[in-house]
Amino acid sequence: MSHVPPFALDPVESLSVVPSDRPTSPGEPVAAARPAAATWLVVAGGGTIGHLMPGLAAAEALVERGCPREQIHFVGSSRGVEATRLPAAGWSVSLLPGRGLQRKATPANVGAVWGLLRAVGLARHLLQRHQPAVVLATGGYASVPCVLAAAMARIPVVVAEQNAVPGA
């Protein structure tokens, strides 16, 4: 199935946009997110402002070019800055549970791996519901389960690497 950006279509012929009822809060499941028909782009990432801002800038640039705001959905971490900043800015967001792995081997990483597996399952469900044309990964914990879920669903992924040295 070829994905044509909905904002490139004649507004009369395009799919009707169903706005978000309300953003998902940290205590609510991912299923509280809005219906699939309205989503063109899923922006996955966050945790820190450095991971959130590139996705937010890309989303705002798309809106400036005619993409309806309701067709962009964010996926972040319940522990990240996106949990409060995106809803305050009027963006719909689904929050995944869990946390990232520590850079050294610790017992806490066992729980983090379990949380990551759970988050991949939730991200798969979210992407099945939203059926985006593309996933933009900006880094941080929430980008990993969404990229894995997108790869399983054969949804194109764009990775935004904003560091001068990749991975730095």
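Take residue 153 and residue 134, extend 7 Å from each Cα along the Cα→Cβ direction, and tell me the distance between the two endpoints in nm.
Once both label points are built, they end up 1.7 nm from each other.
Classify the stretch 104-168 as rounded, prolate or oblate, taking a ≥ b ≥ c as the square roots of the eigenvalues of its Cα gyration tensor: rounded when a/c is under 1.5, otherwise prolate if a/b is larger than b/c and oblate if not. Let's see the in-between values first.
Working: a/c = 3.15, a/b = 1.15, b/c = 2.74.
In terms of gyration-tensor shape, oblate.
Would you please put 113-121, 152-160 in order of how densely packed they are, using the mean number of other Cβ atoms within 10 angstrom per residue and starting with the highest? Show your work: numbers first, answer last.
Working: 113-121: 16.3, 152-160: 13.4.
My ranking of the peptides, most packed first, is 113-121, 152-160.
All of the numbers you see were taken from the coordinates with simple rules; none came from a lab. Computed from a predicted model, the values in this text were never measured in an experiment. Backbone-built Cβ (ideal geometry, glycine too); neighbour counts: all protein chains shown.
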